[in-house]
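Asks: Handing you this structure, nothing more for now.
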Amino acid sequence: MGPPRPPNDNDRDWPAWLEAATERLMRCNSRLSKERKRAQGACVRACSKKIQLAEILLQRDPSNEEVRGILSNSQNKLAEVF
């Protein structure tokens, strides 16, 4: 079952249908926006934790290339979010 079909062109119900369709679109956009913000927040938290851990590990061993890669990837991913 999909969205309701629009009335015929000569139907008087067209303005009411259009208003209802607009309201449905606004609710859907709002829901998608909230989901996107939640996902961004989770990504920021995860990247921030990885960056903090990588910085601590690099203080102990500055020559660790694997940790440098993790730090770089996390910083790049965090920059993409913003």
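Asks: Just rank L32, L58, fewest to most, by other beta-carbon atoms within 10 angstrom.
Replies: On the way: L32 10, L58 15.
In order of increasing Cβ crowding within 10 Å: L32, L58.
Asks: Run the numbers for D11 and R36: contour at 0.36 nm per residue of separation, minus the present Cα-Cα distance, in nm. Provide the component values of the computation, followed by the final result.
Replies: Values: separation 25, 0.36 × 25 = 9.00 nm, distance 3.81 nm.
Gain in length upon complete extension: 5.2 nm.
Asks: Specify the angular offset, from 0 to 90 degrees and rounded to the nearest 10, of the alpha carbon long axis of helix 14-60 from the longest principal axis of the alpha carbons in the chain.
Replies: 0
Asks: Given the options L53, C43, L78, identify the residue whose Cα lies farthest towards the positive end of the charge dipole of the chain (+1 on Cβ of Lys, Arg; -1 on Cβ of Asp, Glu).
Replies: So the residue furthest toward the plus end is L53.
Asks: As an exercise, find the ratio Rg/Rh for the chain from alpha-carbon atoms, using the Kirkwood inverse-distance average for Rh.
Replies: Rounded to two decimals, Rg/Rh equals 1.44.
Asks: For R31, what charge total do you get from the other residues with a beta carbon under 14 Å from its beta carbon, if Lys and Arg give +1 and Asp and Glu give -1? Before the final figure, lay out each step's value.
Replies: Values: positive: R24, R27, K34, R36, K37, R38; negative: E23, E35.
Net charge in that neighbourhood comes out at +4.
Asks: Taking N as the number of residues in the range 37-82, what is its alpha-carbon radius of gyration divided by 2.2 N^0.38 Å? Present the calculation step by step, with values, prior to reporting the outcome.
Replies: Numbers: Rg = 11.2 Å, N = 46, 2.2 N^0.38 = 9.4 Å.
In units of the globular-protein estimate, the range 37-82 measures up at 1.19.
Asks: With each pseudo-label sitting 7 Å past Cα toward Cβ, what's the A21-E80 distance in nm, one decimal?
Replies: A separation of 3.6 nm, rounded to one decimal place.
Asks: Nothing charged except the Cβ atoms of Lys and Arg (+1) and of Asp and Glu (-1): what's the magnitude of the dipole of the range 37-82 about its Cα centre? Round to the nearest 20 debye. List each step's numbers first, then the result.
Replies: Details: 8 positive and 5 negative charges, 75 e Å.
Around 360 debye, computed over the range 37-82.
Asks: Enter the Cα centre distance for the pair the range 38-56 and the range 17-32, rounded to the nearest angstrom.
Replies: 34
Asks: Going by alpha carbons, how many degrees (0 to 90, nearest 10) lie between the helix axis of 65-81 and the longest principal axis of the chain?
Replies: The answer is roughly 30 degrees.
Asks: Starting from the Cα of E55, step 7 Å along the direction of its Cβ; do the same at C43; then give the gap between the two resulting points in nm.
Replies: About 2.1 nm, to one decimal.
Asks: Sort L18, L78 so the one with the fewest other Cβ atoms within 10 Å of its own Cβ comes first. Spell out each step's value before the answer.
Replies: Numbers: L18 12, L78 16.
Least crowded to most crowded, the residues run L18, L78.
Asks: What's the magnitude of the charge dipole for the chain around its Cα centre, counting Lys and Arg as +1 and Asp and Glu as -1 at the beta-carbon? Answer in Debye, nearest 20.
Replies: Values: 15 positive and 11 negative charges, 68 e Å.
Dipole of the chain, to the nearest 20 debye: 320 debye.
Any read-out appearing in this document is the output of simple, stated calculations on the displayed coordinates, not a laboratory observation. Please read these numbers as outputs of a predicted model, since none were measured by experiment. As a convention, Cβ positions derive from the backbone with ideal geometry for all residues, glycine included, and neighbour counts pool all protein chains shown.
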